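The values are calculated or read from the model by the stated rules, or taken from the named source; none is laboratory data. Predicted model only: the values in this text are computed from it and were never measured. Heads up, the Cβs are rebuilt from the backbone with ideal geometry, glycines too, and the neighbour counts pull from every protein chain shown. The accessibility values were calculated without ligands, DNA or RNA, using every heavy atom of the protein model including side chains. Shrake-Rupley method; radii C 1.70, N 1.55, O 1.52, S 1.80 Å.
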Amino acid sequence: MSSAQIPLALRFPPDQRLERYVGAPAALLDALRALAARRDADWVYLSGPAGSGKTHLSLATCAEAGTFGRTVAYFPLATLAGRLAAALAGELTASLLVLDGLDAVAGNAADEVALFDFHNRARAADVGVLYTGSVDPMSLPLHLPDLRSRLSQCVRFGLSPLDDAGRRDVLRQRAQARGLSLDDAVLDWVLNRVGRDLGTLGALLDRLDRESLAAQRRITIPFLRQLLGPRPGG
């Protein structure tokens, strides 16, 4: 099977929940919750650059749908470019379908036709759809005008990458969920040493959780230096 389907509890990381997305407008969360809960909700199109949280919100919406007992199919389109027709065939049995990363298939004639056909079939079947792309449908490099028109009918929201204050909030929130306490100096050290990508930072928190428990130590800068090496420049 080409898509990631339930059991949701095993497939969608606990960090990726709607309530854990920092800085989301209330209207965006309301639209995603409605899409997760109901067949008759508006379809949603999320746009934003890498690091803005599109995949977080995609997986969070899948997890939210699971709380209502709805079936989900999630398509990471970067892995399906060039074979989208086969991937989407017969997938309308799910009540919510998430197509994450339309940029990967934009410009491929066969994939665009497959996406256009999918869109029409999904409308007719009355299932919910969430699309994501780096840019708005009007700016996607599509060759099929009718597909652009269909995508533009979705309720559209634009996302922006978090600034450092937002990343600190995310790290602190995720650390607290693991029972970890990270002070500001530790957060600054981690952001400068490890980088700003939230996926990498989440994996680091998992490692810190394990290592600090095994060593029976608080997470301090000396502990981080021992575990990861010195921060560049000191």
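Across all directions of projection, what mean area in square nanometres is found for the Cα convex hull of the chain?
Spelled out: convex hull of the Cα atoms, projected over all directions, averaged, 13.8 nm².
Taking the DSSP beta bridges in the chain as the whole, what percent of them are antiparallel, to the nearest 5? Before the final figure, lay out each step's value.
On the way: 1 of 19 bridges.
Given both bridge residues lie in the chain, the antiparallel proportion sits at roughly 5 percent.
Just add up the charged neighbours of residue 108: K/R +1, D/E -1, any other residue whose Cβ is under 15 Å from the Cβ of residue 108.
For residues surrounding residue 108, the net value is -2.
How high is the relative contact order of the stretch 1-152, in percent, counting Cα pairs under 8 Å that sit 6 or more residues apart?
27 percent
Label points 7 Å out from Cα along the Cβ direction at residue 121 and residue 185: separation in nm?
Placing both labels 7 Å along Cα→Cβ, they lie 5.9 nm apart.
So, how do all the Cα-to-Cα distances of the stretch 90-229 break down into 5 Å bins, in percent, from 0 on up?
Here the calculated profile for the stretch 90-229 is 2, 8, 16, 15, 10, 8, 9, 11, 10, 7, 5, 1.
Roughly how big is the chain's charge dipole about its Cα centre, with Cβ charges of +1 (Lys, Arg) and -1 (Asp, Glu), in debye to the nearest 20?
Values: 27 positive and 25 negative charges, 132 e Å.
Using only the charged Cβ atoms, the result is roughly 640 debye.
For the chain, with every protein chain kept in place, what is the accessible area per residue (1.4 Å probe, Å²)?
Values: 10800 Å² over 234 residues.
Per residue, the chain has an accessible area of 46 Å².
Taking +1 at the Cβ of each Lys and Arg and -1 at the Cβ of each Asp and Glu, which of 124, 166, 110 sits farthest along the dipole of the chain towards its positive end, judged by Cα position relative to the Cα centre?
Selected residue: 166.
For the chain, what is the mean residue ellipticity at 222 nm derived from helices alone (per DSSP H run of n ≥ 4: -39500 (n - 2.57); sum divided by total residues; nearest 500 deg cm²/dmol)? Don't skip to the answer; put the middle values down first.
Numbers: 10 runs with 111 residues, N = 234.
Estimated from H runs of four or more residues: -14500 deg cm²/dmol.
Can you work out the Karplus-derived ³J(HN,Hα) for every residue in the stretch 145-159? Use 6.51 cos²θ - 1.76 cosθ + 1.60 with θ = phi - 60°, whole Hz, and x for glycine or proline.
Running phi through 6.51 cos²θ - 1.76 cosθ + 1.60 with θ = phi - 60° gives x, 5, 5, 4, 4, 5, 5, 5, 6, 6, 6, 10, 10, x, 10 Hz.
Within the accessible area of the chain, what % is carbon and sulfur when the probe is 1.4 Å and the other protein chains stay in place? Please list the in-between numbers first.
Details: 5650 of 10800 Å².
Carbon-and-sulfur percentage of accessible area, whole number: 52.
In debye, nearest 20: dipole of the stretch 84-149 around its Cα centre with unit charges on the Cβ of K, R (+) and D, E (-)? Provide the component values of the computation, followed by the final result.
Values: 3 positive and 9 negative charges, 23 e Å.
It comes to approximately 120 debye.
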